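First the structure, in the form of structure tokens, and then the observations on it.
None of the figures in this text is laboratory data; all of them are computed from the coordinates on show. Since the model is a prediction, treat every value here as computed from it, not as a measurement. Here the Cβ positions follow ideal geometry from the backbone for every residue, glycine too, while neighbour counts run over all protein chains shown.
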Amino acid sequence: MMAIRKSTFKHVESELYTFHETGREIIRLKNEIIHGSGTTDENVGGGKSNLPGDPTSRVAVLLTSHRKLENLERIHDAIQSVYAALPEDRQQLVKLKYWTRPQQLTWDGIAMQLGISRITAIRWRDGIVQAVSDRIGWR
């Protein structure tokens, strides 16, 4: 397991904080693609579009080739799978640190609720962030 850069660590943490918002954004993007809101014709110069003519195939192609959607799904799936594989106490750490709004607990408060030391809580966090980073493929 290779150590990740500080910037990558911060990025993964920000993705953990916004995990639920990412899920909502994925649903919004899929609905936008399926229901066709905002389809613009970027083919100004004439010629044929590279998308299929029938609507069902067009939606299928857009769903599988939408880069932002692919990226969000990859991040969301990585966090979801790492979280599911965590023991109960580490899942509780993720809930307390990243998914509780408003965040009122310090590392000492989180550690106290989990019955562990502050350093152990931070080590667990480091391991979780590392696992998510590895799963996504970020270095």
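Listing Ile128, Ile4 from the residue with the fewest other Cβ atoms within 10 Å to the one with the most, what is the order?
If I rank by nearby Cβ atoms, fewest first, I get Ile4, Ile128.
Run the numbers for Asn71 and Asp108: contour at 0.36 nm per residue of separation, minus the present Cα-Cα distance, in nm.
9.9 nm
For the stretch 94-139, what is the charge dipole size about the Cα centre, in debye to the nearest 20, if Lys and Arg each add +1 at the Cβ and Asp and Glu each add -1 at the Cβ?
With only Lys, Arg, Asp and Glu charged at Cβ, the dipole is about 100 debye.
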